[in-house]
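A short reminder: the numbers here are calculations on the coordinates, not readings from a lab. If you're wondering where the values come from, they're calculated on a predicted model, not measured in any experiment. Glycine also receives a Cβ, built like all others from the backbone with ideal geometry; neighbour counts cover every protein chain displayed.
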């Protein structure tokens, strides 16, 4: 037993060493790493003489830390020399092509390649890269191309509450991206996976839910419509439509069941206890290969393999020991998994299942389990709903009130009808059994139609939870523990204290008087002025083809801080400033609108010399002098916000001529503590006279790293430096937050202060921000 306990303790310690990778502000330098390696060697030598248990624990923790950080440094060193470069490469297509090809219409999309050569120099190990494919040529998995590419790095919009694209890219080894300049096909032949996909696509393309059929059949979620994605997320069934541990186990158990049924007709000498398990494992491995060994599927097959080995090698270890060792072994294989949200979701779900059935074993007390199937399923779903609250809030920042009901409907449909039908359809599609394959794809399609009909009907309530209330999500775990160990009998006062702590965010008050956040929305502008409860927006970012900055950045930020929007100010009518207005007005219909446009339904007109108060702040409108139907840069709504002690000047895309007009009219009254840099740092703005009169302490510029106008201009940044004005850019800093107190103010940036992490670093050259 001591041996087993030692192994499990070492597994926990190794996992904890890898967890540190999530919180490091920077990776250790080479000198620091070598010093730690020396400490590890010394501890091992001392342990070999005096075998103290704690020395082994310390050694494993240091080893885990060294292993995880070395893997991170190795991956970054592999790709960093090639960031922001124009390269001629030989690359192999890795992702299967599931696009609907049309010779009349070219739909650009992202595809995963592996770089084999750079300028005819063979690489020691292929470099994974995501390429934006705009060419008219059709690519297939397995083909070899010679490409002239312009590389860049995945640059996330860094804001509180937003999706962390950089962390996701590093966890999946897809940080390097590129755009094709020229392409030449070297090897036309594609691989078996693409051949299988092409055969199945002839059927799948006939159905409206092709995106989900592809997701469950091939692990390709790129074809799922935005509407279906939102519906699945808001009803709590998104986990069923992505290849995960549940699907891998279903393949394994279906394969084992079918083989056992087949062996029934064979003589006894052909039957063997391990044969169904071996065939089931091989079938599962083939399915994982078909999905392209995408990270969730790869983790699941590795975990299944380790579980099978542990199950038949050590019959007496508990479920806790198995999951503990599986997690440690997975992290040994790839420590960067620790950054993956899907990895945490999978591990957390398994731990929750074990905890639920060991601490609240309702189902095991029922005599006739088949008769009480619904009660058992209800017990499972209700328990998981409570236990999964913390991870659900961490990943999705909200909860579905109907998730319990929708999962009771969705899990039987997907696990008993949809997924088995897809697996059999894949098999019969390969065997060219046309009518049988078509019927099975039709069964899967029909089951999804039933399911989404129910989901659309039940999608009535999604609750967005502010970050301050995340602590309260542990109520499920605490409730089960308190009931199970009867903690309430002797420690009722302690329970009251714990509950008070959980509810404390309700009474929390901000320590600042007011706050302004310039959000990182790429090339555009979105500023939030708030006091911790209500907010005014200045501009709404851009609207893109399928989404907008309002949906991806502004709304998540507002929900993260539990802010209600009382008013929206639009500087002018260019898309990068007004793009999210319609979406925000739908979400906040009671918010008033102010702009310099006569074509918008303004509640207040943005005209010079207009003043109004909000909370304890005074808003002074400085420009323009008249309304126009379609305001351009020169018609930007310029507002000075002041609390009497400190002030902020918001300028939109004001240009040089209007800056001169403001200088003539207001002179020293333009002086402000903070300046929003006019026109994203373009040479058309930020004149010397204007900057001299404003004389700000800090200047904040909103633009993206890879914008086509190469903003901010080097000429303008040098001008600010010459005038001793601190210059900050969202493309480099991420979200920029200003906190104003009665006698002082403070500035924090997302990359350096609010959430400094090594995976948020600026990878590659600084280019225009130096």
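A few notes on this one:
- Taking the range 623-654 and a reference point 7 angstrom along Cα→Cβ of residue 598, the backbone N atoms nearer than 11 Å belong to 626-630.
- Global form of the range 83-190, assessed from the alpha-carbon gyration tensor, a/c cut-off 1.5: oblate
- Pair residue 752, residue 695: separation of 7 Å Cα→Cβ label points (nm): 2.4
- Neighbour counts of other Cβ atoms within 10 Å put 449, 545 in the fewest-to-most order 545, 449.
- Antiparallel DSSP beta bridges within the chain, as percent of all bridges there, nearest 5: 75
- Paramagnetic label zone (point 7 Å from Cα along Cα-to-C-beta, residue 509; backbone N under 20 Å) in the range 726-745: 739-745
- Annotation: the antiparallel percentage among DSSP beta bridges lying fully within the range 514-760 is about 60.
- Gain on full stretching of the segment that runs from residue 49 to residue 497 - 0.36 nm per residue minus C-alpha separation: 156.5 nm
- Rounded to whole Å, sorted largest first: equivalent-ellipsoid semi-axes of the range 514-760, Cα gyration tensor: 23, 22, 19
- As a proxy for reagent exposure, 757, 51 were ordered by neighbouring Cβ count within 10 angstrom, fewest first; the result is 51, 757.
- Most to least packed among 155-161, 479-485, 351-357 [average Cβ atoms within 10 Å]: 155-161, 351-357, 479-485
- Compactness of the chain was expressed as the Cα radius of gyration divided by 2.2 N^0.38 Å, which yields 1.06.
- Cα-based helix-to-principal-axis angle, 2-19 vs the chain, degrees rounded to 10: 30
- Length gained when the stretch residue 761-residue 404 is fully extended (0.36 nm per residue, less Cα-Cα span): 124.6 nm
- Protection proxy ranking of 230-237, 621-628 - average other beta-carbon atoms within 10 Å, highest first: 230-237, 621-628
- The chain: relative contact order as a whole-number percent, Cα under 8 Å and 6+ apart: 10
- Set of the range 709-723 residues, backbone N closer than 18 Å to the point 7 Å along the Cα-Cβ line of residue 84: 709-718
- Relative packing of 640-650, 718-728, 301-311, 22-32, which averages over residues the other C-beta atoms within 10 Å, highest first: 640-650, 301-311, 718-728, 22-32
- Cα long-axis angle, helix 656-666 against the chain (0 to 90 degrees, to the nearest 10): 60
- Helix 475-484 axis versus longest C-alpha principal axis of the chain: approximately 40°, rounded to the nearest ten.
- Label separation (residue 308 vs residue 123): 3.2 nm, computed from points 7 Å beyond Cα along the C-beta direction.
- Efficiency of FRET from Cβ geometry, residue 534 and residue 434, R₀ 56 Å, rounded to 0.05: 0.35
- Cβ-derived FRET efficiency at R0 60 Å, residue 744 paired with residue 226, nearest 0.05: 0.85
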